[in-house]
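Colleague: One structure coming up, written as structure tokens, with questions to follow.
The values are calculated or read from the model by the stated rules, or taken from the named source; none is laboratory data. Everything quoted here is computed from the prediction, not taken from an experiment. Virtual Cβ from ideal backbone geometry, glycine too; neighbours counted across all protein chains shown.
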Amino acid sequence: MIELLAPSKDLKKAKVAIDHGADAVYIGGKSFSLRSRASNFGLDEIDEIVRYAHERGKKVYITVNMVFHDSDLSGIRQYLNDLDHIGVDALIIESFALIELIRKEAPHLEIHISTQSSTLNSNAAAAYKRWGADRIVLGRECSMDEIEIIAKRVDIPLEVFIHGGMCSNYSGRCTLSNRMCLRDANRGGCAHSCRWRYELYANGEIVSDKEKLFSMASKDLRATAFIERMIKAGVASLKIEGRMKSEYYVAQITKTYRKMIDEIYAEGHLDEKRIKYYDNELSKAENRVSANGFLDGLFNSDKQIYEKEVTMVTHDFVGLILDQKDGIARVEVRNRFTVDDRLEVFGPLTDNERLKIEVMYDEENNIITLANKPMSIVYIPIGFTVRSGDMIRRVTE
Amino acid sequence: MQLLCSVTRIDVIDDIWEDVDGIIVGSCAASLRYPFTLDELVTIKKKCQMYGIDLYIEIDVLVKETSRTIVFDLLDFVMQLEPKGIYFSDLAVYDYALRKGYSDILIYDPLTLMTNSLDAIFFLRKGLKAVTLARELTFDEIVKIARMTNGQVDMQIAGYIRMAYSGRHFISDYLSYIKKQFDDQKIYSIKEETRDKKMVIHQGDAGTLIYSEFVLLALDEYLRLKDKIARFIIDDHYLDHDLFCDIIKAHRIVNKENVSAITTELKERYPDIYFDTGYLYNKTMIRKEEDYDRTVGTE
């Protein structure tokens, strides 16, 4: 069965991803990982999530995908040893030399070649396999047709991005941020200079529109229309981007793709109506416009963002259910909501249940109509079963 | 040590051959930058033979699965020209050359990824001729890698630096959005709305390149690295003819006594060009999150 691979910034989100149906999670350690601001896992936390995952038959991959300078390599051997000892399942790397080092220092770990290497063809994949790689994360510039061909031609598992942010330039081949902000994009410091606004000149004369300046910003990727083909092509893993994202995002996106994959296996096929249903589910966690990237073989202005990004929030995450006793849910407030709001509950085992609040209490047992203090606790009688970890969202559309 | 230059115009070879040891060219069949047909490559080879300079080929594109045969056919063709070396950016070229038995003339140039000595040594152990160092390395980092690899490395020493490579058509997509036409005969540039310097942006069939706003010029550093680096590359893309020739000549005649004078003279002769040493003294290290918040402020 195809693997669903979800991102996690920290321990809590990693558990959320696993609970909501991820077969594997990928995380970054405090060092050596590309997303420096998305890496909160010390070795203790890595150990904890590996145990949590393995108890549930799931996997943990660690990103060691920084494009190293010599000065960054201090401590790498010990780090690899430690990860091997903890028993993580794979390392996601960019550096060629790391392949040999991992074989020596962490021989039990699989080696996955990062999308930073921009592998776009079967010959490159074959070269990595010869050198000892166990999986290739294809570049996001591959079309679905190309993915199918590569999958037929190579004898190494392929991992494909299906959702989330896209680099405007080939991953690993961009130093705009380096030059413009002295922040190394290949070592975790990308300032997303590609999303800024630029004037465009032709032979020295300005040709850009004052109101709609030039930008390289790309719409996010959403591959719902291609999941079935990826499964049939024999792709090994479907990857969700987003190690910087919230637990709500991770929960909703992971759960949606989980259900979609399960339905494809169960039914053999998804029609357009069902794909639209899952698109709507994904939209409940989205605040950025999306398109299908390069998957349909085309890339044009419809897939770029030139005007101020429109946020399309249709649902707000407002509360996290801590537990339920005698029908009363204890809820941790995450965002402002009232008893009159349209709410729904979802979770690993809870499917979009509408919630009508009849009465709500604060911690002093006072009846309240408004919950507006983040991380405060409120009590809500709920007439159906909810579980620890379920989330409440407000419908804003 | 060799001094090479990339060439995107045939006629310029007649003006520079005396000052270089070799030239780097590519074919429009598999390049974002080079316009040469296969016939023109043959002509270029003949010029190289006539002038006694080495021919190097560059395949600067990342190779999509559906483009492999074009690239492989090109490789088969260029091997008949007996190039001294082949610069490549995608491992498909390496894989094919290995199968054909000529990986020993390959020089891996992924633009940005060759940033440490271990990766450089990895490829040298695979039998490659050399690797080209990433443009964003500091002088000290270059010295160290050169030492660790016994100088089997190349580096760009002058010209505009390629800062980003995309598979998208940024210019034509944007222009179509604002209902204007893309003209591939024009020179396009972009300027971030809060800054004052422009960066050339180049679009071809295989995607888009964005160049630095500065022309790399590092004559003093060239002298200090001369015995440490295998090949120095002067990139001609978007340099006008006179500037290109002057930069090449400067590298030929520079020495410890005249380096400041030559650098100053170039800057005075081309006052509209922003010359800079690029990353040679600019570290772009990651810093802690709180540093970003203080210095950048928004994201």
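Colleague: Given the conditions (1) crowded, with 23+ Cβ neighbours inside 10 Å; (2) hydrophobic (A, V, I, L, M, F, W, C); (3) more than 8 Å from every other protein chain (Cβ to nearest Cβ), and given that A:TRP131 satisfies all but one, which numbered condition is not satisfied?
Modeller: In the conditions (1) crowded, with 23+ Cβ neighbours inside 10 Å; (2) hydrophobic (A, V, I, L, M, F, W, C); (3) more than 8 Å from every other protein chain (Cβ to nearest Cβ), A:TRP131 misses (1) alone.
Colleague: Does the range B:180-203 contain at least one residue that is within 20 Å of B:THR284 (Cα to Cα), modelled with pLDDT of 95 or more and more than 7 Å from every other protein chain (Cβ to nearest Cβ)?
Modeller: For the range B:180-203, residues within 20 Å of B:THR284 (Cα to Cα), modelled with pLDDT of 95 or more and more than 7 Å from every other protein chain (Cβ to nearest Cβ): present.
Colleague: Give the number of residues within the range B:165-183 that are at negative phi, out of contact with any helix residue (DSSP H, G or I) (no Cβ under 8 Å at 6 or more places or on another chain) and not β-branched (Val, Ile, Thr). Lay out the reasoning, then the answer.
Modeller: Our first condition is that a residue be at negative phi; within the range B:165-183, this holds for B:165-178, B:180-183.
Among the residues that remain, those that are also out of contact with any helix residue (DSSP H, G or I) (no Cβ under 8 Å at 6 or more places or on another chain) are: B:165-172, B:175, B:178, B:180, B:183.
With not β-branched (Val, Ile, Thr) added as a condition, the list becomes B:165-170, B:172, B:175, B:180, B:183.
Matching residues across the range B:165-183 total 10.
Colleague: Just one of (1) in contact with a helix residue (DSSP H, G or I) (Cβ under 8 Å, 6 or more places away or on another chain); (2) at the interface with chain A (Cβ under 10 Å from one of its Cβ atoms) trips up B:ARG162, so point out which.
Modeller: (1)
Colleague: Please determine whether any residue of the range A:46-59 is more than 14 Å from chain B (Cβ to nearest Cβ), in a strand (DSSP E or B), in contact with a strand residue (DSSP E or B) (Cβ under 8 Å, 6 or more places away or on another chain) and buried (at least 24 other Cβ atoms within 10 Å of the Cβ). Spell out the reasoning first.
Modeller: Step one: list which residues in the range A:46-59 are more than 14 Å from chain B (Cβ to nearest Cβ), which gives A:46-59.
Cutting the leftovers down to in a strand (DSSP E or B) gives us A:59.
Now restrict to residues that are in contact with a strand residue (DSSP E or B) (Cβ under 8 Å, 6 or more places away or on another chain): A:59.
Filter again for buried (at least 24 other Cβ atoms within 10 Å of the Cβ), leaving none.
No: zero hits.
Colleague: Filter the range B:204-224 for residues that are more than 16 Å from the chain's Cα centre (by Cα) and charged (D, E, K, R); which is nearest to the other protein chains (Cβ to nearest Cβ)?
Modeller: Per the criteria, the residue is B:ASP205.
Colleague: Also: May I ask you to say which residue of A:ALA233, A:ALA191, A:ALA251, A:ALA217 is within 13 Å of chain B (Cβ to nearest Cβ) and modelled with pLDDT of 95 or more?
Modeller: Of the residues listed, the single one that is within 13 Å of chain B (Cβ to nearest Cβ) and modelled with pLDDT of 95 or more is A:ALA233.
Colleague: Just one of the numbered conditions (1) over 19 Å from B:LEU209 (Cβ atoms); (2) more than 8 Å from chain B (Cβ to nearest Cβ); (3) in contact (Cβ under 8 Å) with a residue 24 or more places away in the chain is not true of A:SER171; which one?
Modeller: Result: A:SER171 fails condition (1) only.
Colleague: A follow-up question, please. Here is a list: B:ARG125, B:ARG168. Which entry is more than 23 Å from A:ARG173 (Cβ to Cβ) and of a type outside the set (Val, Ile, Thr)? Step through it out loud before you land on a result.
Modeller: Values: B:ARG168 fails: more than 23 Å from A:ARG173 (Cβ to Cβ).
Within the list B:ARG125, B:ARG168, the selection yields B:ARG125.
Colleague: Give the number of residues within the range B:85-117 that are more than 14 Å from chain A (Cβ to nearest Cβ) and over 17 Å from the mean Cα position of the chain (by Cα). Reasoning before the result, please.
Modeller: Residues of the range B:85-117 more than 14 Å from chain A (Cβ to nearest Cβ): B:85-87, B:101-102, B:104-105, B:107.
Still in the running and over 17 Å from the mean Cα position of the chain (by Cα): B:101-102, B:104-105.
Final tally of qualifying residues: 4.
Colleague: Looking only at the range B:172-190, which residues are closer than 26 Å to B:PHE275 by Cβ and crowded, with 19+ Cβ neighbours inside 10 Å?
Modeller: To start, the set of residues in the range B:172-190 that are closer than 26 Å to B:PHE275 by Cβ comprises B:186-190.
B:TYR188, B:SER189, B:ILE190, listed by residue number.
Colleague: Of (1) assigned to a helix (DSSP H, G or I); (2) within 16 Å of the chain's Cα centre (by Cα); (3) among the hydroxyl-bearing types (Ser, Thr, Tyr), B:TYR165 satisfies all except one. Which?
Modeller: Here B:TYR165 clears every test but (1).
Colleague: Given the structure, is B:LEU239 under 22 Å from the mean Cα position of the chain (by Cα), in a loop (DSSP other than H, G, I, E, B) and over 16 Å from B:VAL200 (Cβ atoms)? Quick ask: steps written out before the conclusion?
Modeller: Numbers: under 22 Å from the mean Cα position of the chain (by Cα): yes; in a loop (DSSP other than H, G, I, E, B): yes; over 16 Å from B:VAL200 (Cβ atoms): no.
No, not satisfied.
Colleague: Tell me, please, whether a residue that is of a type in the set (A, V, I, L, M) and under 20 Å from B:ASP95 (Cα atoms) can be found in the range A:108-116. Spell out how you get there, then give the answer.
Modeller: If we filter the range A:108-116 for residues that are of a type in the set (A, V, I, L, M), which is where we start, we get A:109, A:111, A:113.
Pick out the ones that are also under 20 Å from B:ASP95 (Cα atoms) and you get A:111, A:113.
Taking every residue of the range A:108-116 in turn, at least one turns out to be of a type in the set (A, V, I, L, M) and under 20 Å from B:ASP95 (Cα atoms).
Colleague: Consider B:VAL131 carefully, then state whether it is more than 29 Å from A:LYS152 (Cα to Cα), buried (at least 23 other Cβ atoms within 10 Å of the Cβ), within 11 Å of chain A (Cβ to nearest Cβ) and under 17 Å from the mean Cα position of the chain (by Cα).
Modeller: Criteria met by B:VAL131.
Colleague: Something else about it: Of the numbered conditions (1) over 23 Å from the mean Cα position of the chain (by Cα); (2) of a type in the set (Lys, Arg); (3) more than 7 Å from chain B (Cβ to nearest Cβ), A:ARG140 satisfies every one except a single condition; which is it?
Modeller: That leaves (1) as the condition not met.
A quick yes/no check of all residues on (1) at pLDDT below 95; (2) in contact with a helix residue (DSSP H, G or I) (Cβ under 7 Å, 6 or more places away or on another chain); (3) under 30 Å from A:SER143 (Cα atoms):
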| position | (1), (2), (3) |
| --- | --- |
| B:CYS5 | no, yes, no |
| B:GLU18 | no, no, no |
| B:THR37 | no, yes, yes |
| B:CYS48 | no, no, no |
| B:LEU62 | no, no, yes |
| B:TYR87 | no, no, yes |
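Colleague: Also: Scan the range B:224-244 for residues that are touching a Leu at 6+ places or on another chain (Cβ under 9 Å) and not aliphatic (A, V, I, L, M) and report the count.
Modeller: Qualifying residue count for the region: 4.
Colleague: Working carefully through the options B:THR112, B:THR132, find the one that is β-branched (Val, Ile, Thr), under 22 Å from B:VAL215 (Cβ atoms) and in contact with a Cys (Cβ under 8 Å, 6 or more places away or on another chain).
Modeller: Step by step, each of B:THR112, B:THR132 is checked, and only B:THR112 is β-branched (Val, Ile, Thr), under 22 Å from B:VAL215 (Cβ atoms) and in contact with a Cys (Cβ under 8 Å, 6 or more places away or on another chain).
Colleague: Continuing with this model, one more query. Residue by residue through the range B:89-115, note down the ones that are of a type in the set (S, T, N, Q) and over 24 Å from A:ASP70 (Cα atoms).
Modeller: The answer is B:SER103, and nothing else.
Colleague: Testing A:ALA126 on (1) surrounded by fewer than 24 Cβ atoms within 10 Å (Cβ to Cβ); (2) more than 12 Å from every other protein chain (Cβ to nearest Cβ); (3) more than 15 Å from B:PHE122 (Cα to Cα); (4) free of Cβ contacts under 8 Å to residues at least 40 places away in the same chain, one condition comes back false. Which one is that?
Modeller: (2)
Colleague: From B:LYS84, B:LYS47, grab the single residue that is charged (D, E, K, R), touching a residue at least 24 places away in the same chain (Cβ under 8 Å) and buried (at least 19 other Cβ atoms within 10 Å of the Cβ).
Modeller: B:LYS84
Colleague: Okay, next question. Quick one: how many residues across the range B:191-214 are among the hydrophobic types (A, V, I, L, M, F, W, C) and surrounded by fewer than 21 Cβ atoms within 10 Å (Cβ to Cβ)?
Modeller: Filtering the range B:191-214 down to residues among the hydrophobic types (A, V, I, L, M, F, W, C) leaves B:199-201, B:206, B:209-210, B:214.
Then keep just the ones that are surrounded by fewer than 21 Cβ atoms within 10 Å (Cβ to Cβ); that gives B:200, B:214.
Counting residues in the range B:191-214 that are among the hydrophobic types (A, V, I, L, M, F, W, C) and surrounded by fewer than 21 Cβ atoms within 10 Å (Cβ to Cβ) gives 2.
Colleague: I'm trying to understand the selection: among the residues of the range A:261-300, which are within 18 Å of the chain's Cα centre (by Cα) and assigned to a helix (DSSP H, G or I)?
Modeller: A:ILE261, A:TYR278, A:ASP279, A:ASN280, A:GLU281, A:LEU282, A:SER283
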